[in-house]
Amino acid sequence: MQHKQISQNLNVVSLISVGKHPQSGRERRAEQDGRAVELGMNLASDNLTVLHAGDPQQQALRSYAGMGLKSIRVLQLDSAADAVAPLGNYLQQHGPDIVLTGIRAESGESSGMVPYQLAEQLGWPLVPRIADIVDVKDGVAEVLQALPRGQRRALKVRLPFVASVDNAAQEARQSAYGPASRALMDLQAVESATDDVRAAWEEAPARKRPKRLKVVKAKTAAERFKAATAKSQGDGGKVMKNEPAAEQAQAIFDLLIEEGVLR
Amino acid sequence: MIFEWLHPLLIAAALALAVIGAVRRISLWRAGQPAEQSISLIAGLLTIPKRYFHDLHDIVERDKYMAKTHVAAGGGFVLSAVLIIVVHLFGIESKILAWGLLAALALMFVGGLMVAKRRQNPPSRISKGPWMRLPKSLLSFAGAFFVLTLPAAGVLPEGTGGWILTIVLTALIIWGMGEMFFGMTWGGPMKHAFAGALHLAFHRRQERFGGGRSTGLKPVDLGQDILGVSKPTDFKWNQLLGFDACVQCGRCEAMCPAFAAGQPLNPKKLIQDMVVGLAGGTDANYAGSPYPGKDVGSAKGGPTQIITEGLVDPETLWSCTTCRACVEECPMMIEHVDAIVDMRRFLTMEKGNTPNKGAEVLDNIIATDNPNGYAPASRTNWAADQNLAVMKDVKEADVLFWVSDGAFDMRSQRILRSFVKLLKAANVDFAVLGDEELDSGDVARRLGDDAAFQSLAKRNIEIMSQYKFKRIVTTDPHAYHCLRNEYADFGGDLFKNVEVLHHTTFLNELVQQGKLKLDTFSGGTVTYHDPCYLGRYNGEYEAPRELLRSLGIEVAEMERSGFRSRCCGGGGGAPITDIPGERRIADMRMEDVNTTGAELVAVGCQQCTAMLEGVVEPRPEVKDIAEILADQLIEEVH
């Protein structure tokens, strides 16, 4: 993907976690986090901080380093500790422009809720499932959000913000053994609290859920093609573009009450 | 003759310049890394004559005309050079020496004529340019010194000739010595004699001389600052010496499957580019065939410049199938494949730049111990109905059957099943490692990821060390090569008492011992395709043919068979890096098959089977020898 030369000195932080290979269960570079690093490297090669909270000895971190990173900053945490607070404090202190994460965890709690909780703690906007950051100008980023079936939504987001990176983003570059083994693990001791909630959880491999039987309604090839490619039309909802802001806000408010989000 | 003092002075000057050139050239080589195996200077130099007459000449001999030419020109020159120094430089007056010199020069002159004849209509594989003037240089050297020696031999009275003869002779001598003495160390065509002789002495694979074989890649020290070869000085010094030995005969080019397929690789050009790199400069003076599809003249390099940035396109390196046809054919015993893999190591382990599916395959190998990312726990699924003994349970067996990654591939599984059927019929006590077996690391290593290879090798060795067995037998020549020739660097003890065999060798033994009863084959004409990793890498040409003969098959040999077998295109990770060319190597091999009129190609490798079966029909059937045997097996009914 060709990026415009982004003139500003952007400060980008890519959060990385320990992935897990679906077939072997072996620790590895997580797919989406790898993409977050790739995007970070393309946006701000020199001003990219790759950040991990956890065990600095973890070998999977080396496979991120193999993408050509000189160092990885590691907030040293106990395996039972909650990573969100130390990460939030770190980001608060360093004040980056963009924080990139994956969408879904491959092991433990790594991604999943982290971007949401960080955004909440920092009070920054969160952009979920981005495919690319096209440009950053005057403190506003042009972001492409990935939608189902290859569709993209162009958004303008004011810096700073947190974004989770979708599988539609550019694939992580190859990890090379030499740089991987030479990269510096830049340790930082942090205070952390034990994650009591997680201690009570039980972890089990995900099971495939039974699939609903597919009833083919399409009669012709054209219909099947349409079914496979057309944008899924959600029922209900409406697009409000030209109405006054108060009316738009009221509609959102009504919906939240209707859905039981606000009581 | 007038100016009696002039010619000794010229000879002395040429020799002095040659010595200066030699020192300079040697310092270029010595800029490389120290060799793994150190060879003392004297002992090395003493090996040269024997190695020239046996090892080198045996290869030159494949081209009878050129062998005779070289003996006449080269032998004549060496003798002449020694006697010229004695007779003309030191001025020792002896009729016998003078006559000896005349004879040597005459021999060299004949050699020169033969070179001239070869160069009248030169085949495309040989380089032109400066090489085209070589016959003239040989003739002027031999001719001029012949006339100059006539007075010393008493044929002509001293002082014969006038001004004109002296000037003509002097000019020819300067030309001749310029080529033969000065050019030898300053980079003319005769450089091959100087570097070639030393290359014989200090070759990186000493085991190759005296009929030996050394084909395993050398391990990388993973603690180094730079892994693999990034610039010419990262090569071992004797590799650089080897590059300089090239005579540009182009036998490698004629054999290279990638070159024939129009992929951007020409082994001869690659070696010449390495010479450009070690000496610094451009390839503008190169006068041979280019890399297909690439122009000559724009490549630039220097001893400390990154090779893949301006000198050699990475695509060139990734086109190689590591079939070793070039190495087998090279009269100067240059190791092209070592150099290519060394540079690939840099691209993969430092740059993270393995093309196409390379990165994915390497990731899979690291994460799942097989190149396609299948669940490691499904490795033995193919044998669900085979009731195989697993080492974990039995701990001990006569034979360890190394299944290889063919376990995951449905076509290869047919070969595995056939082999198991034969083993059972012969009542062999064998077991498999089951899910404990890992990929042999062949692909990872050829793709330049020696770290992944070493990790696999060490873990495989650790697993095998837990069990007792006398032999390892495998149907995959690539795994066979790794186990037999490359694993010993990582766990010597295991392989001291264990023999590694290819299944054709092992089956042949069973048939010779009468343990397998086989019916005669009656399916038409059969040809046999020698897999590179079985033949050239391990020297096994006979067992597969003997097996076929035992079925009553008379193999209809292809023109390129045995040590000259053409690659199927499947080695060295080439199907993974998939560099585009004009043709597919497998298609060309199938054309070779078609010229024999065979209806069946017998193969001894699952990779070759896959490649040859990938050729569009109609084409002859492709079967592994194990499959052919299993079909002819007479099973006893109890």
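Please treat every number below as a calculation from the coordinates, not as lab data. These numbers were taken from a predicted model, which means no experiment stands behind them. Methodologically, a virtual Cβ is constructed for each residue, glycine included, from the backbone with ideal geometry; neighbour enumeration extends over all protein chains shown.
In this structure the amide hydrogen of residue B:500, modeled in the peptide plane, comes within under 5 Å of the amide hydrogens of B:472, none closer than 5 places in sequence on its chain.
A straight line joining the Cα centroids of segment B:91-112 and segment B:443-501 runs 57 Å.
Here the Gaussian network model covers chain A, with springs between Cα atoms less than 10 Å apart; of A:251, A:60, A:200, A:251 fluctuates the most. The H on the amide N of residue B:389, modeled in the peptide plane, is under 5 Å from the matching H of B:432, each at least 5 residues off or on a different chain.
What does DSSP give for segment B:375-638 in terms of the percent of beta bridges that are antiparallel, rounded to the nearest 5?
Counting DSSP beta bridges with both partners in segment B:375-638, the antiparallel share is about 5 percent.
Rounded to the nearest 20 debye, the dipole size of segment B:69-137 about its Cα centre is 500 debye, using +1 on the Cβ of Lys and Arg and -1 on the Cβ of Asp and Glu.
Please compute the average number of Cβ atoms from other chains found within 10 Å of each residue's Cβ in peptide A:66-73. Walk me through the intermediate numbers first.
Details: counts 2, 1, 3, 0, 0, 0, 0, 0.
Mean shielding by partner chains, rounded to a whole number: 1.
Using alpha carbons only, how many angstrom separate the centre of segment B:505-578 from the centre of segment A:162-197? Taking the Cα centre of each part, segment B:505-578 and segment A:162-197 sit 50 Å apart. Among A:213, B:241, A:144, sorting on how many other beta-carbon atoms sit within 10 Å of each Cβ, with the fewest leading, yields A:213, A:144, B:241. Given +1 at the Cβ of Lys and Arg, -1 at the Cβ of Asp and Glu and no other charges, the dipole of chain B around its Cα centre is 2120 debye to the nearest 20. When both segment B:270-330 and segment B:120-164 are represented by their alpha-carbon centers, they are found 34 Å apart. Within segment A:173-250, the GluC sites (Glu not before Pro) that combine a DSSP coil assignment with at most 12 other C-beta atoms in a 10 angstrom radius are A:191, A:202, A:203.
The local environment of residue A:68, defined by Cβ-Cβ distances under 14 Å, has a net charge of +3 under the rule Lys, Arg +1 and Asp, Glu -1. Remark: the Cα gyration tensor places segment A:12-199 in the rounded category, a/c being less than 1.5. For chain A, modelled as a GNM whose springs connect Cα atoms under 10 angstrom apart, the maximal fluctuation among A:159, A:15, A:61 occurs at A:159. Cβ crowding within 10 Å, taken as a proxy for footprinting-reagent exposure, orders A:254, A:46, A:33 from fewest neighbours to most as A:46, A:254, A:33. Excluding residue A:206 itself, calculate the net charge of residues whose Cβ lies under 12 Å from the Cβ of residue A:206, where each Lys or Arg counts +1 and each Asp or Glu counts -1. Overall, the nearby charge balance is +3. Taking a straight Cα-Cα cut-off under 21 Å and skipping sequence neighbours fewer than 8 places away in the same chain, the lysines within cross-link reach of residue B:395 are B:424, B:458, B:468, B:470, B:496. Does segment B:375-638 classify as rounded, prolate or oblate by the C-alpha gyration tensor (a ≥ b ≥ c root eigenvalues; a/c under 1.5 gives rounded; else a/b over b/c gives prolate, otherwise oblate)? Here segment B:375-638 falls in the oblate category. Using DSSP, restrict attention to beta bridges with both residues in segment A:12-199 and report what percent are antiparallel, rounded to the nearest 5. The answer is about 40 percent antiparallel. With the convex hull of its Cα atoms as the shape, chain B has an orientation-averaged projected area of 30.8 nm².
For the peptide B:445-458, the mean number of other protein chain Cβ atoms found within 10 angstrom of a residue's Cβ is 1. The amide H of residue B:33, built 1.01 Å from its N in the peptide plane, has B:235, B:236, B:237 as neighbours under 5 Å, considering only residues 5 or more places off or on other chains. Summary of packing: across the peptides B:207-216, A:147-156, the per-residue average of other C-beta atoms within 10 Å ranks them, highest first, as B:207-216, A:147-156. Each of B:246, B:5, B:630 was placed along the dipole of chain B (beta-carbon charges, centred on the mean Cα), and the one lying farthest toward the positive end is B:5. Per residue of peptide A:167-177, the mean number of Cβ atoms on other chains within 10 Å of the residue Cβ is 5. For segment A:77-128, the relative contact order is 32 percent, taking Cα pairs closer than 8 Å that sit 6 or more residues apart in sequence and dividing their mean separation by the residue count. Sequence-distant contacts, meaning Cα pairs under 8 Å at least 6 residues apart, place the relative contact order of segment B:215-350 at 33 percent.
Residues in segment A:201-206 carry Karplus couplings, in order, of 7, 10, 9, 9, x, 5 Hz; the curve used is 6.51 cos²θ - 1.76 cosθ + 1.60 with θ = phi - 60°, and Gly or Pro positions show x. By other beta-carbon atoms within 10 Å, ranking B:464, A:240 with the fewest at the front produces A:240, B:464. Magnitude of the charge dipole for segment B:215-350, about its Cα centre and with charges confined to Cβ atoms of Lys, Arg (+1) and Asp, Glu (-1), is about 160 debye.
With helices as the sole contributors, the protein assembly as shown gives -11500 deg cm²/dmol at 222 nm; each DSSP H run of n ≥ 4 counts as -39500 (n - 2.57), and the sum is divided by every residue. Each peptide in B:130-139, B:400-409 gets a packing score, the mean of other Cβ atoms within 10 Å over its residues, and the list from highest to lowest is B:400-409, B:130-139.
Prolate is the label for the protein assembly as shown, because the ratio a/c of its alpha-carbon gyration tensor axes (a ≥ b ≥ c) is 1.5 or higher and a/b is greater than b/c.
What relative contact order, as a whole-number percentage, does segment B:375-638 give when Cα pairs under 8 Å and 6 or more residues apart are counted?
20
Write down the percent of antiparallel bridges among all DSSP beta bridges whose residues are both part of the protein assembly as shown, to the nearest 5. Of those bridges, close to 30 percent are antiparallel.
Radius of gyration over Kirkwood radius for segment B:215-350, both on Cα atoms: the Rg/Rh ratio is 0.93. Here is the short version for chain B: B:246, B:249, B:256, B:320, B:330, B:482 have no other Cys C-beta closer than 4.7 Å.
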